[in-house]
1. Between a residue in the stretch 31-55 that is farther than 20 Å from Lys5 by Cβ and any residue that is within 12 Å of ligand 3 (Cβ to nearest atom) and modelled with pLDDT under 95, which pairs come within a Cβ distance under 7 Å, given they are 6 or more apart or on different chains?
2. Test of understanding: among Leu18, Leu89, which residue is under 17 Å from Trp249 (Cβ atoms) and within 15 Å of ligand 2 (Cβ to nearest atom)?
3. Could you check Gly150 against (1) farther than 15 Å from Leu18 by Cβ; (2) under 17 Å from the mean Cα position of the chain (by Cα); (3) not in a loop (DSSP other than H, G, I, E, B) and say which number it fails?
4. Can you tell me which residues in the stretch 139-167 are more than 19 Å from Ala92 (Cβ to Cβ) and surrounded by 13 or more Cβ atoms within 10 Å (Cβ to Cβ)?
5. So, in the stretch 113-136, of the ones that are more than 17 Å from the chain's Cα centre (by Cα) and of a type in the set (A, V, I, L, M), which residue ends up surrounded by the fewest Cβ atoms within 10 Å (Cβ to Cβ)?
6. All but one of (1) of a type outside the set (Gly, Ala, Ser); (2) away from ligand 2 (no atom under 15 Å from the Cβ); (3) buried (at least 17 other Cβ atoms within 10 Å of the Cβ) hold for Leu38; which doesn't?
7. When you check Ser174 against the structure, is it surrounded by fewer than 18 Cβ atoms within 10 Å (Cβ to Cβ) and within 16 Å of ligand 4 (Cβ to nearest atom), yes or no?
8. Report yes if Glu44 is among the charged types (D, E, K, R) and away from ligand 3 (no atom under 16 Å from the Cβ), otherwise no.
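The values are calculated or read from the model by the stated rules, or taken from the named source; none is laboratory data. Since this is a predicted model, take the numbers as computed values, not measurements. Using ideal geometry, Cβ is built from the backbone for each residue, glycine included, and neighbour counts are taken over all protein chains shown.
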Amino acid sequence: LQMEKHLRNALSNNEMYLCYQPKMEITTGKIIGVEALLRWRNPELGLVPPNVFIPIAEETRIILPISHWVVDQTVKQLKSWRNTPFQDLSIAINISSSQFSAEGFITNLATKMQEADVPNRLLEIELTESTVMTNADTNIKLLRELRKLGFELAVDDFGTGYSSLSYLKRFPLSILKIDKSFIDGLPMDEEDISISEAILHLAHNLNVRVVAEGVETLKQLNFLEERQCEYIQGFVISKPLKSDDLEVWLTEHA
Ligand code: G
Ligand code: G
Ligand code: MN
Ligand code: NA
């Protein structure tokens, strides 16, 4: 309850900020985008991890103003990169279930992108399997609409949910993100090998690109490269960085 009180004031007190984690294309070594990850630093509670405050924000619906803020920040960031060396970088944002099903979600997104004169392809929408699978029939329409507008659609934490694989065929997804828990045991653990190989086969047969998450070692990276995984994110490339640090980092890595 203490946390809920603080959470209600977090935005107006400027306690939230975004970090950006680079995503690398394996074949070229190029950084092609970043994932925006929300951070909350409260004077009394310190840095509160998203795994702790996002569920509370969801239950209390405080997630809605927070989500609007995340979208606004992201669009501003994309706009500030126009006509700079970073103009082709995409940003992926994590969309909670209540945000996705909120009235006007797509219109709001499209309007903000248009007002900022940023191409929709530079914004990637990350949804979890459970978000996609709850009310699948309604969601499929929303997903088609988003794709038609040119937004990229990614399924986050892939493999951890309860979904049936058949939705992959029906849903207009562009990207699957293999959950870190299946990357951790690579390249040794037999189960992680089977699961990650199966996901890569499945995705590629469906023309869906794959991001491996939480890649920490070169051995993991080599394993993924040999199996034609398109992209990686993880500490082997970079941890999530504040926007200033990201720009410095990108300049040094160009
Ligand atoms: O940031 P960290 O690397 O600790 O992320 C932990 C979890 O919090 C991830 O599952 C991520 O999807 C989620 N998360 C991070 N930022 C956001 C956000 O802006 N909105 C939502 N809904 N979830 C987020
Ligand atoms: O949205 P998602 O559930 O994918 O959130 C990604 C989370 O994983 C964030 O909390 C991010 O800080 C974290 N993360 C990203 N790369 C690594 C990594 O290489 N190792 C570890 N331990 N965590 C990572
Ligand atoms: Mn994510
Ligand atoms: Na994930």
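1. none
2. Just one listed residue meets the conditions, Leu18.
3. Condition (3) is where Gly150 drops out.
4. Ile140, Arg144, Ser163, Tyr167
5. Ala136
6. Unmet condition: (2).
7. yes
8. When the stated conditions are applied, Glu44 passes them.
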